[in-house]
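The values are calculated or read from the model by the stated rules, or taken from the named source; none is laboratory data. Given the structure is predicted, the values throughout are model-derived calculations rather than measurements. All Cβ positions, glycine included, derive from the backbone under ideal geometry; neighbour counts span all protein chains shown. The area values use the complete protein model at the heavy-atom level, side chains included, leaving out ligands, DNA and RNA. Shrake-Rupley method; radii C 1.70, N 1.55, O 1.52, S 1.80 Å.
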Amino acid sequence: MAAVGLLLAGCNPGGEGVRSEGSATSTPVPPKGPVSSSSPSPSSTADYKKVDAVQLLKDDPKVGAFVKKSLAKPCAADEYPVEVTYASLTGGKSPDVIVNVMTCADSVGIGSYVYRKHSGAKHGYDNVYTNEQPSVSAGVNKGELEVSKQTYDTGDKVCCPSGEDVMPYRWSGGRFVEHHGYHTDYSKTTVDGATPDGGTGSEG
């Protein structure tokens with residue numbers, strides 16, 4: 001059961017200006033769109049202000065109905081399936097807010113969002129990134145937004161995806177621009193040589 005986490009599951013945040021509240025082969029993915037060589041200067045998150053992420057999502061017209069429905073009530077007690085990270089991604093004076101929403105039953109990501117502080121917006125934040133593809137998760141790597149999405153082949157169980165797409169984003173021209181993404185195929189053999197379905201892994 002997913003709960004309000006302090007670290008993003010499946011992500012390894014890197015770089016500075018981050019505060020969290022939770023054998024493979026790689027195939028390069030062509031970069032999309034123009035990318036600026038300059039990156040926002042990271043600022044400290046020491047003075048970050050905690051936000052009500054659930055209310056922020058409920059009030060956001062960019063958040064899909066399915067995600068809002070999943071936030072209609074807590075998974076248990078007062079715990080919602082939401083993880084929040086505060087990090088400097090857009091060069092603003094205040095830390096940006098990364099929010100991940102998961103299912104209560106199996107903790108599969110169903111929505112990732114980035115909010116940028118803006119005094120003119122409702123609750124003081126603008127939605128500057130939205131991704132509601134199944135199994136999505138957003139985090140921070142070396143001061144940049146990094147979005148991952150697990151991929152499944154026919155017959156894969158929810159627990160055992162076949163691979164992962166990772167898309168790094170830089171803040172450029174008032175928006176996030178994807179660059180140098182990559183795909184990883186997971187090994188189907190466990191440490192003891194057995195496949196996840198109980199079979200025996202092939203040699204080689």
Selection within segment 96-106 - open to solvent by 10 Å² or more (accessible area, probe 1.4 Å) and either part of a strand (DSSP E or B) or within 15 Å of ALA53 (Cα to Cα) (or both): MET102
Complete set of residues in segment 64-83 that are open to solvent by 10 Å² or more (accessible area, probe 1.4 Å) and of a type in the set (A, V, I, L, M, F, W, C): ALA65, PHE66, ALA72, CYS75, ALA76, ALA77
Only one of THR200, THR195, THR190 that is over 26 Å from LEU71 (Cα atoms), in contact with a strand residue (DSSP E or B) (Cβ under 7 Å, 6 or more places away or on another chain) and modelled with pLDDT under 85: THR200
Qualifying positions in segment 124-141 - open to solvent by 50 Å² or more (accessible area, probe 1.4 Å) and under 23 Å from CYS75 (Cβ atoms): THR130, GLU132, GLN133, PRO134
